[in-house]
Amino acid sequence: MIRTICLCVGLWMIAVCLAGSLLAQAAPQPAAPTTPVATTPSEGSNTDSENAPTAESGTRKVREDHTIRIGAGDLLHITVYGAPDLATEARVSGAGTITMPLIGSVHVAGLSNDQAEQLIANRLRDGGLIRDPQVSVFEKEYASGGIAVMGEVQKPGIYNLFGERRLLDAISAAGGTTSRAGRAVTITHSSQPDKPIIVDLDYMHPYESPAGNVEVFLGDTVVVSRAGVVYVVGAVARPAGFVMENNEKLTVLQAVALAGGTKSTSSLKGAKILRRTPSGGIEEIPIPLNKILEAKAEDSYLKAEDVLFIPTSPGKVAAITTAQAAVAVATSLAIYRP
């Protein structure tokens, strides 16, 4: 009897263990921590990252805005690989078209070279003329897409500068600047004619300040400003005209210093500024240069195209002439003494 009871208890314990094992297997297991994996969006997916602007896309957009476009009057050289009879040199008409063998008139004005190549290739393919045409379009002459360089340059005109070009390249093509050139240069892009850019260009150290040597594109207009000039004449060491960089302020003392100072025969009380009036006349403005030099009067500012005139004092000239004559006589007596 006891043996039977023990056997039953043992069987019952085995059944409990088996049931617990089955329940444990059926229960959901906790998810193991996983490391997130970066996935690449499919080509057809539309994600925010694809729409987010990047530095590269921004640069590409600027490039597209300044893409060279074919215009009326441009001379194109067109070749088709493997078909020398189709080689053509054609000037774009006023209507924006060219004429090619076999396909006739093609409208290319406003297109880039790549777009024109694709258009001609499609016409050849669709007409059943060439199965896989390889077309090349090269602009030999630009009639409307050069860079116009004007203002204070040696040779104002329109220059075709291909490839990546900068402001100094355009100015150099125009022969460089004149002696009257100012530092302010205005650049107007053809794609944004209402938003001109003013650049402060340092001619003395152009490559030490690359921010001013900006990139220019075909169709741009570059205007080099004219700097103001102040003239100092009369009894000074070096009468000349002096450029006011960017039309900056220049005082009477600074102008006299640039002219090498006054002469011993100058009349400091008679100095005056000759300034042109809006009506075309000349206004004389007395300047107490003697008091300005002694710091007893305020220094005056000059304007562009002013003439600072410092006259000669007749009394000083006579006195100096008499003194020089006396020195000459004394020297003569010293040399020829009996």
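The values are calculated or read from the model by the stated rules, or taken from the named source; none is laboratory data. What you see is a predicted model, and the numbers here were worked out from it, not measured in a lab. Here Cβ is always computed from backbone atoms with ideal geometry, including for glycine, and neighbour counts include all displayed protein chains.
Within segment 127-179, the residues that satisfy the criterion of being aromatic (F, W, Y) and exposed (fewer than 13 other Cβ atoms within 10 Å of the Cβ) are F138, F162.
Screening segment 107-118 for residues that are part of a helix (DSSP H, G or I) and surrounded by 16 or more Cβ atoms within 10 Å (Cβ to Cβ) and picking the one that is nearest to the chain's Cα centre (by Cα) gives N113. Within segment 216-238, does at least one residue satisfy the condition of being in a helix (DSSP H, G or I) and either touching a helix residue (DSSP H, G or I) at 6+ places or on another chain (Cβ under 6 Å) or farther than 24 Å from Y203 by Cβ (or both)? No, that holds for no residue.
Closer than 28 Å to D200 by Cβ, at pLDDT 90 or above, in a helix (DSSP H, G or I) and in contact with an Asp or Glu (Cβ under 6 Å, 6 or more places away or on another chain) - does that describe any residue in segment 257-264? No, segment 257-264 has no match at all. Can L111 be described as of a type outside the set (G, A, S), touching a helix residue (DSSP H, G or I) at 6+ places or on another chain (Cβ under 8 Å) and over 17 Å from G219 (Cα atoms)? Against the criterion (of a type outside the set (G, A, S), touching a helix residue (DSSP H, G or I) at 6+ places or on another chain (Cβ under 8 Å) and over 17 Å from G219 (Cα atoms)), L111 does not qualify.
Table: residues versus (1) in a strand (DSSP E or B); (2) modelled with pLDDT of 85 or more; (3) of a type outside the set (D, E); (4) more than 34 Å from the chain's Cα centre (by Cα).
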| position | (1), (2), (3), (4) |
| --- | --- |
| E50 | no, no, no, no |
| I78 | yes, yes, yes, no |
| D85 | no, yes, no, yes |
| S93 | no, yes, yes, no |
| S105 | yes, yes, yes, yes |
| I120 | no, yes, yes, yes |
| R123 | no, yes, yes, yes |
| R131 | no, yes, yes, yes |
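Counting residues in segment 90-106 that are charged (D, E, K, R) and not assigned by TED's automatic domain parsing to the domain that holds R180 gives one or more. Give the residue that is surrounded by the fewest Cβ atoms within 10 Å (Cβ to Cβ), with candidates limited to residues of segment 195-211 that are assigned to a loop (DSSP other than H, G, I, E, B) and at pLDDT 75 or above. Out of the qualifying residues, it is K195. When the residues of segment 212-264 are filtered to those that are under 30 Å from Y142 (Cβ atoms) and of a type in the set (G, A, S), the one that is surrounded by the most Cβ atoms within 10 Å (Cβ to Cβ) is G219. In this entry, G270 is excluded by the filter for residues that are farther than 20 Å from R183 by Cα and surrounded by fewer than 16 Cβ atoms within 10 Å (Cβ to Cβ).
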